[in-house]
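Where a number appears in this text, it was derived from the coordinates with a stated rule and is not lab data. Since the structure is predicted, the reported quantities are computational estimates derived from the model, not experimental observations. Don't worry about glycine lacking a Cβ; one is built from the backbone with ideal geometry, like all the others, and counts go over all protein chains shown.
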Amino acid sequence: MQYTLITGATDGVGLMVALELARMDEHLIIHGRNKLKLNRTAEELKSINPSISVKTVVCDFASLKQVRDAFVKIKDENIRVLINNAGCFDSTGVITEDGFGLTYQVNHLSHFLLTHTLLPSIIKNAPSKIIVVSSMAHAGSIDFETLKKGRFGYSYSAYSCSKLCNILFAFKLSRMLKSKGVSVNCLHPGVINTKLLIEGWGACGIDISKAHQMVLYAYELKQDITGEYLKDFSISKAADFAYSEDNQDECYEIGLSHLKDYLNFTNANP
């Protein structure tokens, strides 16, 4: 039995994707930080399609220890598709217990950690896919000296830099995993009235019922399409900065350095 794992699956884009995949008979592993809400989501998915298997992973991405402990427990599950979707828009400048800006840690660093934790399973289940939810609001560049500090201030600046990190990470992984039968793409999901959009920009997007569409587009792409930025149901163009392999490598190495206490249990360079 092979699974699709979705982070941030209890509301917004992640929930809409989970509901649609349940209708498509996909077995699911769903992540959330609220156990009660997560269990209710699992029940809803099972009510839609009693024939599928639904497993849950509860942890708060603001804690790297929680991320490590939670995803190590499921690293032996057969994961064919990983959808890195969870995200936040912090408007106050919260610093996590790990010393990183909340937006950077939740949107990028915790996904970096869980992706590497699950990579052996994803590679074993090839042909497989990693889908990274970024944003057209990604920054045009990153100051790597600032990135080394793990903090980008807060609000739009932090959010846009974290979304560029997502793209750099996806492009780097695509290069690393192409020969192993794993495709990696990133995408702009659309301007959708999620809690995140309302927090950052107000209710200026389309109805939440359409939130799954771009992720499903990436989900159904041909396996040989990899290392792409997707937008408006087509292959699009991210910031020029993202296509530099040197920039991808630098962002990746900084991520490894930030996770040096957590990646010793797994192979960070498959």
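Taking amide hydrogens as placed 1.01 Å from N in the peptide plane, the amide H of residue 29 sits under 5 Å from those of 4, 5, 6, 55, each at least 5 positions away in sequence or on another chain. Taken about its Cα centre, the chain carries a charge dipole of about 520 debye when Lys and Arg each add +1 at the Cβ and Asp and Glu each add -1 at the Cβ.
GNM on the chain, alpha-carbon springs under 10 angstrom: the most fluctuating residue among 122, 48, 79 is 48.
Working from label points 7 Å from Cα in the Cα-to-Cβ sense, the residue 156 to residue 178 distance is 3.5 nm. Taking a straight line from the alpha carbon of residue 260, these lysines sit under 24 Å away, with near neighbours fewer than eight places off in the same chain left out: 65, 73, 75, 148, 149, 163, 172.
Which percent, to the nearest 5, of DSSP beta bridges fully inside the chain are antiparallel? List each step's numbers first, then the result.
Numbers: 4 of 30 bridges.
Percentage antiparallel, nearest 5: 15.
Between residue 25 and residue 72, the FRET efficiency from the beta-carbon distance, with R0 = 30 Å, is close to 0.60. Look at where the Cα atoms of the stretch 212-263 and of the stretch 126-140 average out, and the two centres are 5 Å apart.
Multiplying each eigenvalue of the alpha-carbon gyration tensor of the chain by 5 and taking the square root yields semi-axes of 25, 21, 19 Å, largest first, rounded to whole angstroms. So what is log10(I(q)/I(0)) for the stretch 13-168 at q = 0.15, 0.20 1/Å, when the Debye sum runs over its Cα atoms only? The Cα Debye sum returns log10 ratios of -0.83, -1.31. Here the Karplus relation 6.51 cos²θ - 1.76 cosθ + 1.60, evaluated at θ = phi - 60°, turns the backbone of the stretch 218-225 into coupling constants of 5, 4, 9, 4, 4, 4, 7, 8 Hz, with x for every Gly and Pro. Here, P(r) means the percent of Cα pairs in each 10 Å bin from 0 to the largest distance; for the stretch 1-60 it is 28, 62, 10. Phi-derived couplings, Karplus 6.51 cos²θ - 1.76 cosθ + 1.60 at θ = phi - 60°, listed residue by residue for the stretch 165-179: 4, 4, 5, 4, 5, 4, 5, 5, 4, 4, 5, 5, 10, 4, 6 Hz, with x used for Gly and Pro. Our coupling estimate for the stretch 91-102, obtained by passing each phi through the Karplus curve with A = 6.51, B = -1.76, C = 1.60 and θ = phi - 60°, is 9, 10, x, 5, 10, 6, 5, 8, x, 10, x, 4 Hz, Gly and Pro reported as x.
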